[in-house]
Amino acid sequence: MNTALPNPVMPASLSLYGVSVASRLLLGTALYPSPKVMAESIKAAGASIVTVSVRRESARANSGMGFFELVRSLNVRVMPNTAGCRTAREAIATAHMARELFGTDWVKLEVIGNDDTLQPDLFGLLEAARALIGDGFKVFPYTTEDLIAAERLREAGCEVLMPWAAPIGTGRGLANPYALRSLRTYFPDTPLIVDAGIGAPSHAAAAMEMGFDAVLLNTAVARAADPVRMASAFAAAIAAGRSAFEAGLMEMRDTAAPSTPVAGTPFFGLDKS
Amino acid sequence: MFNTRAPPTPGKSDGPDGRIGRARRGNACIRNKAIANIRQHRGNPDTPMQLKVFVNGEATVTSADTLAELVAQFGFAETGVATALNGDFVPRGARQTTRLVGDDKVEIVSPRQGG
């Protein structure tokens, strides 16, 4: 066995802001049929990072810390998001509240520009990223495939970028593979996590085969008929896609090329005489 | 950056030299009036101070003097929630010294599921 080749069972490790991350599947904690199914899905996914959020607490429910205790018991790192924020100012205040509650300076930064597409507002995103990095946050910006926005975010100090595959919750897969491939080529050394729009394990595998470092998803697992089983399906697809990337995919061609040797084909040339 | 109410820091409505702009002056005027009301009530122990503030978007009448008291009145554990006042984060340690005035918009949040 050639030990110089990457071992498909133990692929090259991923480092995010200097933290070594075991799993390339990041999972959301929302929309599961029950807290128990959420916990089992996180375990089945083998996720080492899960996304969480903050919402208005009601005096009647007073349930937020119970949820956090459950997540904490799973031994995973949490990444709070700023989901639903429409301005940089809202996102900045939300990130600060999340940092105090969850005790982490990691933040999945979302500044949403449109209700129908939940498309990132790249201008607000950059403004919020600059402010939060100044306040000591490790910012994971939820962005589009736009190369210049990505470059500005990198300049602002974002060490990781999270481009969308398709709008949040659509499950449409890689809507713009050409642009995603360009982004990957443009930033060979920046950890890139495809976030949002993944619907099937094959979508996640395709992103990993392109060389993306990880995939973040939520709805595709939480809304599956059997979320726990879907979580392990995604884990397998992401591991396979990563191994395929590390193994080096063949070049695509336009014309057919026989795989069986042509030389020595029986009856070859007999019809010429 | 954080809303601690004192001293005033230059904001969006401020002029380039840090002078207080019109919007901020307007707010300060309302606040001074509210603080005057509070002082009046404090002088009279028979009249408990009542303030109308917005908590998580809902109008609420409260006798709380500070953000910390408001959080306690709602029955929240001190470390179980995070707060913002009029759009700016207020750290846990600053709630005690953050005085409420009429029409303040308070956000009180806790951990929740997210994607």
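FYI, it's all coordinate maths here, none of it is from the lab. Being a predicted model, the structure only gives us computed values, none of them experimental. All Cβ positions, even for glycine, are placed from backbone atoms using ideal geometry, and neighbour counts span all protein chains on display.
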- Item | the range A:41-105: radius of gyration over Cα atoms, expressed as a fraction of 2.2 N^0.38 Å | 1.19
- Item | Pair B:ARG92, A:SER63: separation of 7 Å Cα→Cβ label points (nm) | 2.3 nm
- Taking the simple approach of a point 7 Å from Cα along Cα-to-Cβ for both A:PHE268 and A:ARG77, what is their distance in nm? 5.6 nm
- Item | Positive minus negative residues near A:LEU126 (Lys, Arg vs Asp, Glu; Cβ under 12 Å) | -2
- Note on the structure: Going through A:LYS43/A:LYS108; A:LYS138/B:LYS105; A:LYS43/B:LYS105; A:LYS108/B:LYS52 one by one, the pairs whose alpha carbons sit over 30 Å apart turn out to be A:LYS43/B:LYS105; A:LYS108/B:LYS52
- Once normalised by the length of chain A, the mean sequence separation of its alpha carbon contacts under 8 Å that are 6 or more apart gives a contact order in percent of 19 percent
- Sorted by Cβ density within 10 Å, fewest first, the residues A:LEU109, B:LEU85, A:LEU31: A:LEU31, B:LEU85, A:LEU109
- Sparse-neighbour loop sites [chymotrypsin sites (Phe, Trp or Tyr not before Pro); the range A:168-273; at most 12 other C-beta within 10 Å; DSSP]: A:PHE267, A:PHE268
- Task: Relative to the longest principal axis of the C-alpha atoms of chain A, give the angle of the C-alpha long axis of helix A:88-102, reported between 0 and 90° and rounded to the nearest 10°.
- Result: 80 degrees
- Query: Thinking of the range B:68-109 as a set of Cα atoms, what percent of all their pairs are more than 11 Å apart?
  - Reply: 63 percent
- What percentage of all Cα-Cα pairs in chain A are separated by more than 31 Å? 29 percent
- Note on the structure: The convex hull of the Cα atoms of the range A:83-204, divided by residue count, gives a volume in Å³ per residue of 103 Å³
- Taking r as the C-beta separation of A:SER15 and A:SER202 and R0 as 30 Å, the FRET efficiency to the nearest 0.05 is 0.65
- Can you list, largest first and rounded to whole Å, the semi-axes you get for the range A:153-273 by taking the square root of 5 times each eigenvalue of its Cα gyration tensor? 38, 20, 12
- Item | Rounded tilt (10° steps) of A:35-45 against the dominant C-alpha axis of chain A | 40 degrees
- Where GluC sites (Glu not before Pro) in DSSP loops with at most 16 other Cβ within 10 Å are excluded, longest remaining stretch of chain A: A:1-158
- Enter the per residue convex hull volume of the range A:1-152, computed from alpha-carbon coordinates, in Å³ rounded to the nearest integer. 161 Å³
- Query: Roughly what angle does helix A:177-186 make with the longest principal axis of chain A, taking Cα atoms, 0 to 90 degrees, to the nearest 10?
  - Reply: 80 degrees
